[in-house]
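Enquirer: Sharing a structure with you now.
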Amino acid sequence: MILTSRPELSICTAIASAPSGLTAIHQRSCVATVWRRDPKHQFQRWIDALPTEQLPRARLIVRPETVCDALIDIANDCGTPECAERNILLEDASALASIFASIMKSPYLRLRIDVVNTNACRKFHVDAVTARLICTYRRTGTQYGISENGHDPERIMTVPTGSPIILRGTRWPETPVSGLLHRSPPILGTGKTRLLLVLDPIEDPAKEVESVYLH
């Protein structure tokens with residue numbers, strides 16, 4: 001595991017080569033951790049070529065052990081064709097949900113599969129959650145950097161496609177609030193479509209005000 005740090009700000013990001021490295025998010029000064037991995041070429045070619053209307057998309061709250069069944073329902077509803085590559089996508093997203101729930105010791109997860117072709121979340125920000133896992137399966141990954149005095153980061157880094165990142169949010173119990181900001185890469189007008197998995201830990205679904213489907 002490699003730590004990228006800014007000593008003067010007393011924060012760092014961790015770059016790991018195995019899923020176990022994602023647990024670094026609990027280290028006192030670590031505000032984000034990335035599991036670097038290379039997508040299989042056959043899968044990446046399939047997901048990049050899949051028609052936009054067949055990409056899976058949903059927003060729901062689930063127990064970690066039911067994520068796979070929920071994703072199958074989502075894929076079927078969205079017309080995502082059944083094939084080996086679809087299985088890779090669903091199994092990987094399910095595995096990430098299990099890993100993230102274990103790291104955060106969370107009984108529920110808010111699972112969001114987003115299909116993005118606009119400049120959604122293009123401004124640098126910190127999410128109003130304890131922590132968030134983001135994995136971009138198609139096109140450019142999440143961009144992040146260290147903010148000084150509330151300004152946009154001068155040095156912007158991009159998470160590799162297929163690599164999950166866990167970011168601390170404003171509700172992380174330790175203070176001060178992380179100086180690490182992130183955004184979705186601006187793609188409006190490029191004709192590109194991104195597909196990303198977003199996971200948030202949820203303690204009590206009854207306290208969530210949004211309309212969701214509990215699987």
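The values are calculated or read from the model by the stated rules, or taken from the named source; none is laboratory data. Since this is a predicted model, take the numbers as computed values, not measurements. Surface accessibility is based on the protein's heavy atoms, side chains included, excluding ligands, DNA and RNA. Shrake-Rupley method; radii C 1.70, N 1.55, O 1.52, S 1.80 Å.
Enquirer: Give the share of C-alpha pairs in each 5 angstrom bin for the stretch 10-104, from 0 to the last occupied bin, in whole percents, shortest bins first.
Expert: P(r) for the stretch 10-104, in whole percents per bin: 2, 12, 19, 18, 18, 16, 9, 4, 2, 0.
Enquirer: Taking all pairs of different Cα atoms in the chain, averaging 1/r and flipping that mean, what Kirkwood radius in angstroms comes out?
Expert: 17.7 Å is the Kirkwood radius here.
Enquirer: Just the number, please: carbon plus sulfur as a percent of the accessible area of the chain, 1.4 Å probe, no ligands or DNA/RNA counted.
Expert: 50
Enquirer: Okay, moving on. Could you work out the relative contact order of the chain? I mean the mean sequence separation of Cα pairs under 8 Å and 6+ apart, divided by the number of residues, in percent.
Expert: It comes to 25 percent, rounded to a whole number.
Enquirer: While we're here: State, as an integer percentage, the relative contact order of the stretch 1-109 based on alpha-carbon contacts under 8 Å between residues 6 or more apart.
Expert: About 20 percent, as a whole number.
Enquirer: Where Rh is the Kirkwood radius over the Cα pairs of the stretch 112-192, the temperature 20 °C and the viscosity 1.002 mPa s, what D in µm²/s does Stokes-Einstein return?
Expert: Once the numbers are plugged in, D ends up at 161 µm²/s.
Enquirer: For the stretch 1-117, what does the accessible surface come to per residue with a 1.4 Å probe? Please give it in Å².
Expert: 50
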